[in-house]
Amino acid sequence: MQMNSAKDLYLNPPTITALAAIFGSLIGGLTSSLGTWITQRHQDRRELLARKLVLREALYSDFISESARLLVDASQHDADDPKNLIGDPRNLIPVYALLSRIRLSSSTRILTTAEEVVRKIINAYREPNLTPQQIELRAFNSGDDPLKNFSDVCRLELESVIPKCESLRAR
């Protein structure tokens, strides 16, 4: 039997009810799947951002620890040989490695202040040794702290990322 027009197409009430149920289920399933996908996508982005935040904080902390160690070494180095003011140059390898890692993932502002810290470390090796009293004075005088600016810039950057994590959580 061939249908010639729309008049020939007749849907009885049970067929309409069945089609409505099928299409309702399809739309409900699609909406549920779409909602789950959006939620998962935001959760993944939030977790990635949180993981990056933790890794950066660890990187900055490692750089600060290594730089502090080198600054103490520079303040008590043996500067008898003017050709070898730095002592063992291999001591600088960890801080240069950390500086390179900072170049990979950090802002220009953080990189610039990290490079400034490394320059201060190298310059500290050129200066005469400090007495324990001079070290104590420098430790409590924040104007002489070569790591303060770096720490402040890092804190500001890390604090600026936290609202991004929270805004993703709110979605």
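Laboratory data are not the source of any read-out in this text; all were calculated from the coordinates shown. Everything numeric in this text was worked out from a predicted model, so none of it was measured. Neighbour counts run over all protein chains shown; Cβ positions are idealised from the backbone, glycine included.
Computed from phi, the 3J(HN,Hα) profile of the range 120-133 under the Karplus parametrisation 6.51, -1.76, 1.60 (θ = phi - 60°) reads 5, 5, 4, 5, 5, 5, 7, 7, x, 4, 9, 7, x, 5 Hz, with x in place of Gly and Pro. Other residues within the sphere of radius under 12 Å centred on the Cβ of residue 64, judged by their own Cβ, net out at -2 (K and R +1, D and E -1).
As a rough footprinting exposure proxy, the listed residues 67, 33, 75 were ranked by other beta carbons within 10 Å of their own, and the order from fewest upward is 33, 75, 67.
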